[in-house]
Amino acid sequence: MAGQSDPSLSIFSAPEVEFLAEDEMIEIVPNIRMDALNLLCGDFGPFLPQIACKVPLWLAVALKKRGKCSIRTPDWMSVEKLTQVLEAERESPREFQPLPFHYVEISRLLLDHAHDDIPEVYMVRSLIEDIRNVRFHKVESGLETISGRTHAVKLKNLSAMEVNIVRPFMVRVLQAFYKHDSPEMVQQVDTSANKRPQVVDRGPRPAFGKIWYIATAHRTP
Amino acid sequence: MPGYYDIDDIIMEEEAVSVVFHVGANGVGLLDPGSETNCVEKGAKIDLPFWLSQELCRRRAVSIIVPPCFNQKMKKDVQADAACVDLGTRYPYFYEFGCKIFPLVGDKSIGPFLRHTFASRYKEMLSKSHTASINAIPKFVLRLSKEEYQMFDAAKSSMVEYKKWRVSHLGLTKSSLLGHKRKTDSQLSPSS
């Protein structure tokens, strides 16, 4: 991706993830009359007062900042839904509840720019914070199971920001595990190699034969 | 893979290892500080930097003695409690060094030993690095080897960046009033 701040480890910065989240669609209720907008990413509108329509989040925020619309809070951001999700998150120690992929970013953008459109805004804010904390703790305990044989980790329903936070650490850890678990590093411990050369049997073990020769070549030049 | 200009790789290869010479070498007396003549005798045991011993070992001129960080005592230490072993001050390039020296010495247990060490130290790193405080350096960081520290630092900085992002739009700036402490009388008029 062209926008990555550190291409060597493929890391997005938090504002970059937010930028991606701004393409999500959201419903707004305009209070102005405006013709349809024909943009590269699609046609939005026409905008009529009190008639709801769907626009990308970035457009919604831009209109909201100018006082031209109110944003309809998505269903999942209601207090009942979030309370349910939080309870379910606490009950199931292994699974993650399905939330929008960009829930951290969307909720922050809405809480910052459209807090007057959200009912019970303080409750929503603290619930989302709680959910995020519970989920992150789960991520950490899930990653504890990684060992040498792990080449990939499956984390269903994890959101963009949560992945982004653990990615730099995880990429390095998996690289280290991969390196230490590669076949050159972990040959089966050949006990005979530690003994004196004449004790070693020269039986049909082609896999170790070559290695053993290198080892003895040092001892008897 | 470390590049040619990788500074960590260069520093790691400076690490001294003990080697035994299989051949006599003339004109290299400076390698052996104890020698009286200008040559190294066959069978002499000398400490050389790793980059030199690596090349000599490939040419069968020397053989490398397993360095102390992979000896039996170290293995017992790791077995007892891997997280408490202080790699940071003693062997900052423990893993890289192990990977490089492993094909040159006959000891095949080094590979599994490295993996075991890393696997048992990983859990402590995981539980502590994302929750580490921003300003203070926790004690256990000093025990991490260079490679582990890079992982710890990656986790910490990504968490710090996230926290910064979360409050960046809120516009919660410190009031200018809070910055100024009221001066006490003694500061205003210092008694001389």
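The values are calculated or read from the model by the stated rules, or taken from the named source; none is laboratory data. Worth saying up front: this structure is predicted, and the values here are computed from it rather than measured. Every residue, glycine among them, receives a Cβ derived from its backbone with ideal geometry; neighbour counts consider all protein chains shown. Accessible surface areas use protein heavy atoms only, side chains included; no ligands, DNA or RNA. Shrake-Rupley method; radii C 1.70, N 1.55, O 1.52, S 1.80 Å.
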To the nearest 20 debye, the stretch B:1-65 has a Cα-centred charge dipole, built from +1 on Lys and Arg Cβ and -1 on Asp and Glu Cβ, of 480
Surrounding charge for B:PHE140, neighbours by C-beta under 13 angstrom, Lys/Arg +1, Asp/Glu -1, total +2
Total charge of the residues flanking A:PHE44 in space, meaning their Cβ is under 11 Å from its Cβ, with Lys and Arg +1 and Asp and Glu -1, is -1
For B:ILE10, A:ILE131, A:ILE32, the accessible-area ranking with a 1.4 Å probe, largest leading, is B:ILE10, A:ILE32, A:ILE131
Partner shielding of B:120-131, taken as the mean number of other chain Cβ atoms within 10 Å, equals 3
Of B:HIS130, A:HIS137, ordered by accessible area with the largest first and a 1.4 Å probe, the sequence is A:HIS137, B:HIS130
Pseudo-spin-label distance B:ASN71 to A:ASN157, built 7 Å along Cα→Cβ, given in nm, is 5.4
Which of A:LYS179/B:LYS123; A:LYS138/B:LYS128; A:LYS81/B:LYS128; B:LYS73/B:LYS128; A:LYS54/B:LYS163 exceed 21 Å between C-alpha atoms? The answer is A:LYS81/B:LYS128; B:LYS73/B:LYS128; A:LYS54/B:LYS163
Non-local residues with an amide H under 5 Å from the amide H of B:CYS39, with H modelled 1.01 Å from N and Pro and chain starts lacking one, are B:GLY27, B:GLY29
With every protein chain in place, the accessible area of A:ASP130 for a 1.4 Å probe, in Å² rounded to the nearest 10, comes to 60
The longest stretch of chain B containing none of the GluC sites (Glu not before Pro) that sit in a DSSP loop with at most 11 other Cβ atoms within 10 Å is B:37-192
Exposed trypsin sites (Lys or Arg not before Pro) being those in a DSSP loop with at most 14 other Cβ atoms within 10 Å, the longest stretch of chain B free of them is B:61-173
Scoring only Lys, Arg, Asp and Glu (+1, +1, -1, -1) among other residues with Cβ under 13 Å from the Cβ of A:VAL134 yields -3
Partner shielding of A:133-146, taken as the mean number of other chain Cβ atoms within 10 Å, equals 2
If R0 = 35 Å, then A:TRP76 and B:LEU142, at their Cβ-Cβ distance, give a FRET efficiency to the nearest 0.05 of 0.20
